[in-house]
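Engineer: This structure is in structure tokens; I'll ask about it shortly.
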Amino acid sequence: MKRKWFILCLCLLLSLLLCACQDGEQTETTSFDGGTWTRLEDRTLNFEEYAYQSEDAYIPADWTLPEGTVGGFTRTEVKGDLLLYGWYQETVMDQGFTVARYDDETLTPVYTFGAGITVTWQKFFSPDGTKLVFPWKARADIENPSGTPEEWRLRVVDLATGREEDLSLPPTEEPTALLLAKWLDNTTLEVTAAGEDLYENPLQPVWTYALPT
């Protein structure tokens, strides 16, 4: 009888452990794309609201970066001990970028983007430095400018795990000529999908997006 109860208790314990592991895995793999979009009133687009500031790009004076990391055309952004850097041409980084952790003259990459182009003025890091957000599109527009324009996409990255995901954007009344995004806090984004009439019509659609918890 004791042996029977021992086996029964052991099976129950294993079942509880399995459920706990499954719950933990589910939490880690929660989709970024399961959040909530909220449409705000259209407003005049102000690029500066979405742009990084000069202090965001300031590399600490006591950092000694490996040779060749930063050049005359390197876009940088620093958050704590993390450095985002990539070569740029005019308003885009057409070769992607890297995020690396700095420690004692060494950079250890934690995330690399190379799937397309992104913009140079974007501020990437969330306030707590755990995530990135950035608009991007495939390189076809540069390699074949007479072809069908690529659509803008919006990517969120978890720097702790390297998990990345493109959000399903809300529908717009006209094609998006320019996509802008910024962090309002660590879990909320503000996104503007500017149309091709940007310069004729300064009022553009704006949304907030709350990441799933």
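The values are calculated or read from the model by the stated rules, or taken from the named source; none is laboratory data. In this text the structure is predicted, and so the values were computed from the model without any measurement. With ideal geometry, Cβ positions are generated from the backbone for all residues, glycine too; neighbour counts draw on all protein chains shown. All accessible areas refer to the heavy atoms of the entire protein, side chains included, with ligands and DNA or RNA removed. Shrake-Rupley method; radii C 1.70, N 1.55, O 1.52, S 1.80 Å.
Engineer: When only the heavy atoms of the protein chains count and the probe is 1.4 Å, how do D56, D166 rank by accessible area, highest first?
Structural biologist: Ranking D56, D166 by accessible area, largest first, yields D166, D56.
Engineer: Under 5 Å between amide hydrogens, which residues at least 5 positions from V92 or on another chain qualify, with H placed 1.01 Å from N in the peptide plane?
Structural biologist: Under 5 Å from the amide H of V92: T120.
Engineer: Per residue, how much accessible area does segment 39-116 show when a 1.4 Å probe rolls over the protein heavy atoms, in square angstrom?
Structural biologist: Numbers: 4650 Å² over 78 residues.
Per-residue value: 60 Å².
Engineer: Separate question: Where in segment 38-54 is the amide nitrogen less than 16 Å from a point lying 7 Å along the Cα-to-Cβ axis of E190?
Structural biologist: 38-53
Engineer: Return the aspartates and glutamates within reach of K182: Cα separation strictly under 12 angstrom, same-chain partners fewer than 8 residues apart disregarded; answer none if there are no such residues.
Structural biologist: The qualifying aspartates and glutamates are E48, E49, E190.
Engineer: Which length gain, in nm to one decimal place, applies between T172 and S54 when the Cα-Cα distance is subtracted from 0.36 nm times their residue separation?
Structural biologist: Full-extension gain reported as 39.2 nm.
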